[in-house]
Structure formats: C-alpha cells, structure tokens
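Colleague: Here it is, the structure in full.
The values are calculated or read from the model by the stated rules, or taken from the named source; none is laboratory data. Keep in mind that this is a model prediction, so the values were computed, not measured. Methodologically, a virtual Cβ is constructed for each residue, glycine included, from the backbone with ideal geometry; neighbour enumeration extends over all protein chains shown.
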Amino acid sequence: MAFEPLQTDEKLDRPIPKARDMDGQMLFGCSGFVLASVGSYLLSIWPFFAFSNTDRLASLGLASALGFVPAFALGGVATRKFGLAGGCGAIAGALTSAIFLYLRIQQTFLSAAARQAPTPDYPAVLQWLVPTGWVLAVVLAASLLLPRGELLEEGD
C-alpha cells in the first residue's frame, strides 16, 4: 500500500520538509504586490482629501507627511515580507500616488491662474519635484530593504 507523499511503501525516519510550490509562490507574490501597491496608494492620498486647502506650503507639507510616512512604512514592511514583489508593489503605489499628487498640485496652480483660488505660496517647480522625490525615495528604500539574494540567484 502506498504512503503519502512519496507514493511508495518506503518508511522514512523523519518527515520530508515541505517545499514551496510554484502556485503558492505566485499567489504569495501577487498578493504582496497588490497589498503593497493599493495600500500605499490609499495611505498616501487620503490626507489630500482631508486637507483640501493645499495652496499653502504648510498644508501641502502636512498632507504629505500624514500620507507619505505611513505609506513609506507599509512599503518597507511589504518589501521585507514579500521580497521583490512587495518592493515593486510599493513602487507601483508610489508612482500612482505621484501622478495623483502631480495632478492635485497642478490643479491648484490652474485654479489660481483662473482666479478661482488663492495663489500658492510655493514655487511651481514643486508640481513635478515633490512627486518625483517621493517616487525616488520609495525606489531607494525598496532597493535597500530588499532581502539579500532576492535579485540574484545564490552563487551569482
């Protein structure tokens, strides 16, 4: 009579260690990517809805700090837990939130130009500088927090 998992009648002294199967690894990586990307995106943009007066540098800084710090922490945790998939998810969340942030700051300048809102008290270069800095910070953190040997096979 066959014994599991070897399908033989050979008796072993100790159980066979479980190996991660491809389906499990794919599901683990995909889940990590989705959680990191959606979670970091939502964490980074919610303050811009709560503090809608981002025409002042102090409000922009407060909204950025309240959103970016938890999103940054989530990206770091996801990178350590899920490896490359988590790091890429954190970068994806940062890219989408950077696009949101760019459009939000640009909307502030366009509203001011149309005389519908006060003129921002910070330079227009922040329209692209703040989102770009955010993405670069997340890429740097993801690359530094990536578990050792994740990109290269052991022995390369």
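Colleague: Which condition number does Glu150 fail, the rest of (1) in contact (Cβ under 8 Å) with a residue 12 or more places away in the chain; (2) in a helix (DSSP H, G or I); (3) over 12 Å from the mean Cα position of the chain (by Cα); (4) under 25 Å from Gln25 (Cβ atoms) being met?
Modeller: It is condition (2) that Glu150 fails.
Colleague: Another question about this same structure. Would you confirm, using the coordinates I've provided, whether Gly133 is in a helix (DSSP H, G or I) and buried (at least 19 other Cβ atoms within 10 Å of the Cβ)? Let's see the steps before the verdict.
Modeller: Details: in a helix (DSSP H, G or I): yes; buried (at least 19 other Cβ atoms within 10 Å of the Cβ): no.
Considered against the rule, which asks whether it is in a helix (DSSP H, G or I) and buried (at least 19 other Cβ atoms within 10 Å of the Cβ), Gly133 comes out as no.
Colleague: Taking the range 49-74 as the region of interest, how many residues are in contact with an Asp or Glu (Cβ under 9 Å, 6 or more places away or on another chain), surrounded by fewer than 18 Cβ atoms within 10 Å (Cβ to Cβ) and not hydrophobic (A, V, I, L, M, F, W, C)?
Modeller: The initial filter retains those residues of the range 49-74 that are in contact with an Asp or Glu (Cβ under 9 Å, 6 or more places away or on another chain), namely 55-58.
The next check asks that each one be surrounded by fewer than 18 Cβ atoms within 10 Å (Cβ to Cβ); those that pass are 56-58.
Within this subset, residues satisfying the condition of being not hydrophobic (A, V, I, L, M, F, W, C) are 56.
Total satisfying the criteria: 1.
Colleague: Then there's this: What are the residues in the range 109-156 that are out of contact with any helix residue (DSSP H, G or I) (no Cβ under 8 Å at 6 or more places or on another chain), under 18 Å from Ala63 (Cβ atoms) and modelled with pLDDT under 85, if any?
Modeller: Our first condition is that a residue be out of contact with any helix residue (DSSP H, G or I) (no Cβ under 8 Å at 6 or more places or on another chain); within the range 109-156, this holds for 110-116, 123, 125, 129, 133, 136, 140, 144, 148-149, 152-156.
Next, only the ones that are under 18 Å from Ala63 (Cβ atoms) stay: 111-112, 123, 129, 133.
Matches in the range 109-156: Ser111, Ala112.
Colleague: Right, Val138: crowded, with 19+ Cβ neighbours inside 10 Å and on the phi < 0 side of the Ramachandran plot or not?
Modeller: Values: crowded, with 19+ Cβ neighbours inside 10 Å: yes; on the phi < 0 side of the Ramachandran plot: yes.
Here the answer is yes, as Val138 does meet what is asked.
Colleague: Additional query: When the range 10-64 is examined, which residues are found to be in a loop (DSSP other than H, G, I, E, B) and within 24 Å of Ala137 (Cα to Cα)? Give the derivation first.
Modeller: Pass one, the range 10-64, residues in a loop (DSSP other than H, G, I, E, B): 10-21, 51-56.
Result: Phe51, Thr54, Asp55, Arg56.
Colleague: Got a sec? Which of Ala78, Ala112 is of a type in the set (A, V, I, L, M, F, W, C), without any contact (Cβ under 8 Å) to a residue 60 or more places away in the chain, surrounded by 20 or more Cβ atoms within 10 Å (Cβ to Cβ) and outside any loop (DSSP other than H, G, I, E, B)? Full working, then the answer.
Modeller: Details: Ala112 fails: surrounded by 20 or more Cβ atoms within 10 Å (Cβ to Cβ).
Being of a type in the set (A, V, I, L, M, F, W, C), without any contact (Cβ under 8 Å) to a residue 60 or more places away in the chain, surrounded by 20 or more Cβ atoms within 10 Å (Cβ to Cβ) and outside any loop (DSSP other than H, G, I, E, B) holds for just one of Ala78, Ala112, which is Ala78.
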